[in-house]
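**Q** This structure is in structure tokens; I'll ask about it shortly.
The values are calculated or read from the model by the stated rules, or taken from the named source; none is laboratory data. This is a predicted model, so every value here is computed, not measured. Note that each Cβ is placed from the backbone with ideal geometry, even for glycine, and that neighbours are counted across all protein chains shown. Accessible surface is based on the protein model in full, side chains and every heavy atom, while ligands, DNA and RNA are left aside. Shrake-Rupley method; radii C 1.70, N 1.55, O 1.52, S 1.80 Å.
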Amino acid sequence: QGTHFSNLPQPTKQDPIFKIKGPSTLSGHITISGSKNASLPLLAATLCCSGTSLLHNLPNVSDIQAMASILSSLGAKVDAFDGKMMVNSDGVGKVEVDLEEMKKIRGGFFVIGPLVARFGEAVVALPGGCNIGKRPVDLHLRGLRALGAVVELRQVLVLQCYRDGKVWARAANGRGLVGGKFRLDYPSVGATETLMMAASMADGTTMLSNVAKEPEVVDLARFLTDCGAWIEGAGSDNLIIRGKRQLYGSECVIKPDRIETGTFMLAAAITRSCILMSPVIPSRVSCLIDKLSQAGCKISRLDQQTLQVSAHPSHIGYDLKSFDIKTNPFPGFPTDLQPQTMALLTTCTGSSLVEESVFDNRMTHARELQKLGARIQVSGRNALVYGFDEGSSLQGSRVIARDLRGGVSLILAGLAAKGTTQIHDIAHIERGYENIDMKLQNLGADIQRLTLTPVPLLL
């Protein structure tokens, strides 16, 4: 019997890629978008509020669209226009988030705090997002228990198989959460933000210790305070929160994305270029400023919100030197800039040690960088990175973006590499970077977003 073409595997989807021709030299000015990592908990926090909240300067990325979809699925009225989003949660009639929606975005788990605090109950699937190691939600759940919630993790029946899937949380007293004390084993940003939102509506005073000090925590505290909450200590190790039974919608402007800021600073460095960027908050990227200055970059603050970053040979007079990094919670070196920094280090002189202390599987980009000619030795959470004078020589190749920040590190490497680089699975990158290809084009990079249609097999 012959093989029927109808039985052959057929293309099921188009594959968008980034195609980069390097090496590139960048110049000009880049506008930094609003912070994705600040926007997600702020959108979740609108569930705490009666009336309408208005958020300005939201980045146009898929993670934000996914969070808006989650809010809408719960019954909130969401209107998006011109980088703004207006959310009214008075019509929320559900406390269970759709399983498919939760698979799209880890940040969707933030809604558990506001839902159980305001409505007394929440059913939320375990979060999705990038596969960069274990990111358990046990701190979120233990913290909610400390605030008087009954929390259960139940298995879900999928295709005749039981899988861990959903978290059920409800106020034990049948009315709402109550103030309590809780110490985080680790200063988790997500757990800090979830518990801050929950405690803002709890009956009584909550004391949280060993909390995260990231700028995004401070931004969330400021928004909740504007909505009527009482929060003291944001940006320190301890939070004191006096709960209010009702919060009201407010307005806020999302701060510039410190990770995007750092990414473009590293883009200037890896291409030995000079670029301007604004708006930025230099204090939020001070750790990277120190490291790049140590390497030999010249970084100038032109005004309150504009940085000039130069690694152009005519400006610095020598090549960039290697440096070591170890990721840590803020104000330490951000884990979200580790992959991009590793790409830069392959082009510096000497060797560098990269230590990842936040996530246990955030080295998968090293394998992709090796495809581009990088010489990197990985051992667990540590990597020894050799510079161009010790074996690294970036050449264009076909690589895969396996997560958000690892994917953008490949863009940076592609800008510095000789020849053509193709980056596949760029949906990961587009979760967190707004129009990154167009922004780089405006700086002079030869980068294109192309769509490849799979070709059916023929026998």
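**Q** Can you work out which of the residues in the stretch 246-279 that are aliphatic (A, V, I, L, M) and open to solvent by 20 Å² or more (accessible area, probe 1.4 Å) is farthest from GLY176 (Cα to Cα)?
**A** LEU276
**Q** Let me ask something else about it. Taking into account only those residues within the stretch 1-51 that are open to solvent by 20 Å² or more (accessible area, probe 1.4 Å) and assigned to a helix (DSSP H, G or I), which is modelled with the lowest pLDDT?
**A** Within the stretch 1-51, the match that is modelled with the lowest pLDDT is PHE5.
**Q** Pick from the stretch 229-238 the residues that are open to solvent by 50 Å² or more (accessible area, probe 1.4 Å) and touching a residue at least 12 places away in the same chain (Cβ under 8 Å): which of them is nearest to the chain's Cα centre (by Cα)? Show your work before the answer.
**A** Pass one, the stretch 229-238, residues open to solvent by 50 Å² or more (accessible area, probe 1.4 Å): 230, 232, 237-238.
The next check asks that each one be touching a residue at least 12 places away in the same chain (Cβ under 8 Å); those that pass are 230, 237-238.
Numbers: TRP230: 27, ASP237: 22, ASN238: 24 Å.
Checking each candidate, the answer is ASP237.
**Q** Output the qualifying pairs, or none if there are none: Cβ atoms under 6 angstrom, residues six or more apart or on different chains, first residue in the stretch 378-393 and free of Cβ contacts under 8 Å to residues at least 24 places away in the same chain, second residue assigned to a strand (DSSP E or B).
**A** GLY391/ARG375
**Q** Now a separate question. What are the residues in the stretch 344-357 that are aliphatic (A, V, I, L, M) and either open to solvent by 30 Å² or more (accessible area, probe 1.4 Å) or in a helix (DSSP H, G or I) (or both), if any?
**A** Hits for the stretch 344-357 are LEU344, LEU345, LEU353.
**Q** Pick from GLY179, GLY243, GLY228, GLY233: which is closer than 21 Å to ILE281 by Cβ and either in contact with a strand residue (DSSP E or B) (Cβ under 9 Å, 6 or more places away or on another chain) or in the same structural domain as PHE119 (by the TED database) (or both)?
**A** Going through GLY179, GLY243, GLY228, GLY233 in turn, just one is closer than 21 Å to ILE281 by Cβ and either in contact with a strand residue (DSSP E or B) (Cβ under 9 Å, 6 or more places away or on another chain) or in the same structural domain as PHE119 (by the TED database) (or both): GLY233.
**Q** So, of the residues in the stretch 59-78 that are among the hydrophobic types (A, V, I, L, M, F, W, C) and not in a helix (DSSP H, G or I), which turns out to be farthest from the chain's Cα centre (by Cα)?
**A** It comes out as ALA76.
**Q** So which pairs qualify, if the first residue must be in the stretch 308-328 and closer than 24 Å to HIS29 by Cβ, the second must be among the small types (Gly, Ala, Ser) and surrounded by fewer than 17 Cβ atoms within 10 Å (Cβ to Cβ), the Cβ gap must be under 6 Å, and the two must be at least 6 apart or on different chains?
**A** GLN308/SER300
**Q** When the stretch 195-228 is examined, which residues are found to be touching a residue at least 12 places away in the same chain (Cβ under 8 Å), open to solvent by 10 Å² or more (accessible area, probe 1.4 Å), more than 17 Å from LEU40 (Cβ to Cβ) and not basic (Lys, Arg)?
**A** Scanning the stretch 195-228 gives ASP203, GLY204, THR205, MET207, SER209, ASN210, ASP226, GLY228.
**Q** A further question on this structure: List, please: which pairs have Cβ atoms under 7 Å, are six or more places apart or on different chains, and start with a residue in the stretch 100-117 that is within 23 Å of GLY176 (Cα to Cα) and open to solvent by 10 Å² or more (accessible area, probe 1.4 Å) and end with one that is among the hydroxyl-bearing types (Ser, Thr, Tyr) and assigned to a helix (DSSP H, G or I)?
**A** PHE110/THR194
**Q** For the stretch 426-443, what are the residues that are open to solvent by 50 Å² or more (accessible area, probe 1.4 Å) and at pLDDT 95 or above?
**A** Matches in the stretch 426-443: ASN435, MET438, GLN441, ASN442.
**Q** Still on this model: Every residue in the stretch 182-204 that is within 18 Å of CYS227 (Cβ to Cβ) and either in the same structural domain as PRO329 (by the TED database) or among the β-branched types (Val, Ile, Thr) (or both), please. Can you show your working first?
**A** Within the stretch 182-204, the subset within 18 Å of CYS227 (Cβ to Cβ) is 192-203.
Hits for the stretch 182-204 are THR192, THR194.
**Q** Can you say whether THR192 is under 24 Å from VAL285 (Cβ atoms), at pLDDT 95 or above and open to solvent by less than 20 Å² (accessible area, probe 1.4 Å), as far as the supplied structure shows?
**A** yes
**Q** Out of everything in the stretch 166-178 that is open to solvent by 10 Å² or more (accessible area, probe 1.4 Å) and within 30 Å of the chain's Cα centre (by Cα), what residue ends up being farthest from THR206 (Cα to Cα)?
**A** Step one: filter the stretch 166-178 for residues open to solvent by 10 Å² or more (accessible area, probe 1.4 Å), giving 166, 168, 170, 172-175, 178.
Now narrow it down to the ones that are within 30 Å of the chain's Cα centre (by Cα): 166, 168, 170.
Numbers: LYS166: 26, TRP168: 22, ARG170: 18 Å.
Among residues in the stretch 166-178 that are open to solvent by 10 Å² or more (accessible area, probe 1.4 Å) and within 30 Å of the chain's Cα centre (by Cα), the one farthest from THR206 (Cα to Cα) is LYS166.
Every residue, every condition in (1) out of contact with any strand residue (DSSP E or B) (no Cβ under 9 Å at 6 or more places or on another chain); (2) in a loop (DSSP other than H, G, I, E, B); (3) open to solvent by 20 Å² or more (accessible area, probe 1.4 Å), yes or no:
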| position | (1), (2), (3) |
| --- | --- |
| ARG284 | no, no, yes |
| ILE289 | no, no, yes |
| GLN294 | no, no, yes |
| ILE299 | no, no, yes |
| GLN308 | no, no, yes |
| PRO331 | yes, yes, yes |
| LEU337 | no, no, no |
| MET342 | no, no, no |
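**Q** Does GLY296 satisfy the condition of being more than 25 Å from VAL280 (Cβ to Cβ) and modelled with pLDDT of 95 or more?
**A** No: the conditions fail for GLY296.
**Q** Could you please let me know if VAL87 is in contact with a helix residue (DSSP H, G or I) (Cβ under 9 Å, 6 or more places away or on another chain) and at pLDDT 95 or above? Let's see the steps before the verdict.
**A** Working: in contact with a helix residue (DSSP H, G or I) (Cβ under 9 Å, 6 or more places away or on another chain): yes; at pLDDT 95 or above: yes.
Spelling it out, VAL87 is indeed in contact with a helix residue (DSSP H, G or I) (Cβ under 9 Å, 6 or more places away or on another chain) and at pLDDT 95 or above.
**Q** Residue under question is GLN370, and the condition is that it be farther than 22 Å from VAL61 by Cα, crowded, with 17+ Cβ neighbours inside 10 Å and of a type in the set (S, T, N, Q); does it hold?
**A** Numbers: farther than 22 Å from VAL61 by Cα: yes; crowded, with 17+ Cβ neighbours inside 10 Å: yes; of a type in the set (S, T, N, Q): yes.
In short, yes.
**Q** Give the number of residues within the stretch 83-99 that are open to solvent by 30 Å² or more (accessible area, probe 1.4 Å), outside any strand (DSSP E or B) and touching a residue at least 24 places away in the same chain (Cβ under 8 Å).
**A** 5
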